[in-house]
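One structure is given here, and the rest of the page talks about it.
The values are calculated or read from the model by the stated rules, or taken from the named source; none is laboratory data. These figures come from a predicted structure and were not determined experimentally. Cβ: placed from backbone, ideal geometry, glycine included. Neighbour counts: every protein chain shown. Just so you know, the surface numbers come from the protein's heavy atoms only, side chains and all, with ligands and any DNA or RNA stripped out. Shrake-Rupley method; radii C 1.70, N 1.55, O 1.52, S 1.80 Å.
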Amino acid sequence: AVFKYRMDRERKRSQQWLSVILNSIGDAVIATDAQDRVSFMNPVAESLTGWSHEHARGGRLEEVFLTSDTLGDDIDLRTRHACILPSLGSRRGRSTKVLTSSTGDRRLIEANESPMRDDHDRPVGRVVVFRDVTECRISLELLNLLSQAVQQSTEGIAVTRLDGTILFVNGAFAEMHGGTQESAFGKNLSAFHTPEQLPLLDAANRKLLEEGMFSGEVWHARADSTVFPGLMHNSVLRDDHGEPV
């Protein structure tokens with residue numbers, strides 16, 4: 001009796017710890033029994049599916065976790081960017097699906113399903129872990145789109161630190177200066193100007209930091225020491241707090 005009491009106490013303690021962990025993690029979790037009836041949902045799963053644990057418990061998983069493999073025309077995924085959403089596929093073992101909640105909201109999710117087995121390796125249910133990746137996928141695609149726009153621009157573009165150290169140049173900038181994108185990284189912008197132009201460049205940089213932008217004609221130097229006039233439009237990049245970076 002003492003042994004049984006201790007085992008029951010340890011089992012309840014383990015269940016409490018497991019419940020706290022599953023209710024605290026950022027991913028949505030749904031567990032089912034062997035008949036695919038919902039036996040557990042954490043708060044994140046409730047929020048994404050629109051089902052409460054009380055209403056979903058005992059219901060069929062496919063009714064609560066309603067997913068499809070196609071976006072459809074009516075999906076509310078910031079439709080102004082819908083044209084650049086990625087095609088559905090899998091990433092790192094997670095399948096990408098569209099989840100439709102009980103209220104009709106549709107979100108892009110990444111999900112992973114695993115079977116649950118007992119000590120005798122018999123199936124006793126499964127667990128579905130998923131997360132909302134709508135905003136993340138849109139942001140990644142927008143970032144990729146902006147990157148391609150910068151890379152394919154016929155205008156030379158350079159991004160530097162405030163001291164002029166180059167962090168990035170696009171192909172047009174590298175080509176007009178007779179070098180490569182890799183060779184420009186880490187150099188100072190002054191390396192692409194003649195010594196005679198450095199005083200003018202310093203004045204342009206001061207105006208840039210004071211007023212936030214500069215526009216004017218400045219001579220540039222190529223890798224072979226030849227020079228050419230360039231019309232520069234420089235502006236300060238700022239972080240989310242408005243500080244120049």
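How many residues does the stretch 18-42 hold that are farther than 11 Å from Arg60 by Cα and among the charged types (D, E, K, R)?
Count: 1.
Which one of Gly179, Gly156 is open to solvent by less than 50 Å² (accessible area, probe 1.4 Å) and touching a His at 6+ places or on another chain (Cβ under 8 Å)?
Exactly one of Gly179, Gly156 is open to solvent by less than 50 Å² (accessible area, probe 1.4 Å) and touching a His at 6+ places or on another chain (Cβ under 8 Å), namely Gly156.
Looking at (1) more than 22 Å from Ser235 (Cα to Cα); (2) open to solvent by less than 80 Å² (accessible area, probe 1.4 Å); (3) of a type outside the set (D, E, K, R), find the lone condition where His120 falls short.
(2)
Give me the residue from the stretch 107-133 that is within 21 Å of Ala45 (Cα to Cα) and either outside any strand (DSSP E or B) or among the β-branched types (Val, Ile, Thr) (or both) and, out of that set, farthest from the chain's Cα centre (by Cα).
Per the stated criteria, the residue is Val124.
Checking the structure you have, find out if any residue of the stretch 221-244 is acidic (Asp, Glu), modelled with pLDDT under 90, open to solvent by 60 Å² or more (accessible area, probe 1.4 Å) and not in a loop (DSSP other than H, G, I, E, B).
Within the stretch 221-244, not a single residue is acidic (Asp, Glu), modelled with pLDDT under 90, open to solvent by 60 Å² or more (accessible area, probe 1.4 Å) and not in a loop (DSSP other than H, G, I, E, B).
In the stretch 201-220, how many residues are open to solvent by less than 80 Å² (accessible area, probe 1.4 Å), out of contact with any Phe, Trp or Tyr (no Cβ under 7 Å at 6 or more places or on another chain) and more than 16 Å from Thr160 (Cα to Cα)?
The number of residues fulfilling the criteria is 4.
Suppose we keep only residues that are under 30 Å from Val38 (Cβ atoms) and modelled with pLDDT of 90 or more within the stretch 125-153. Which one would you say is most open to solvent (accessible area, probe 1.4 Å)?
Of everything passing the filter in the stretch 125-153, Arg131 is most open to solvent (accessible area, probe 1.4 Å).
Given Glu217, Glu196, Glu182, Glu175, which one is acidic (Asp, Glu) and part of a strand (DSSP E or B)?
Just one listed residue meets the conditions, Glu217.
Mind listing just one residue for me: the one in the stretch 26-59 that is more than 14 Å from Phe130 (Cβ to Cβ) and touching a residue at least 60 places away in the same chain (Cβ under 8 Å) and, of those, surrounded by the most Cβ atoms within 10 Å (Cβ to Cβ)?
The residue in question is Ser39.
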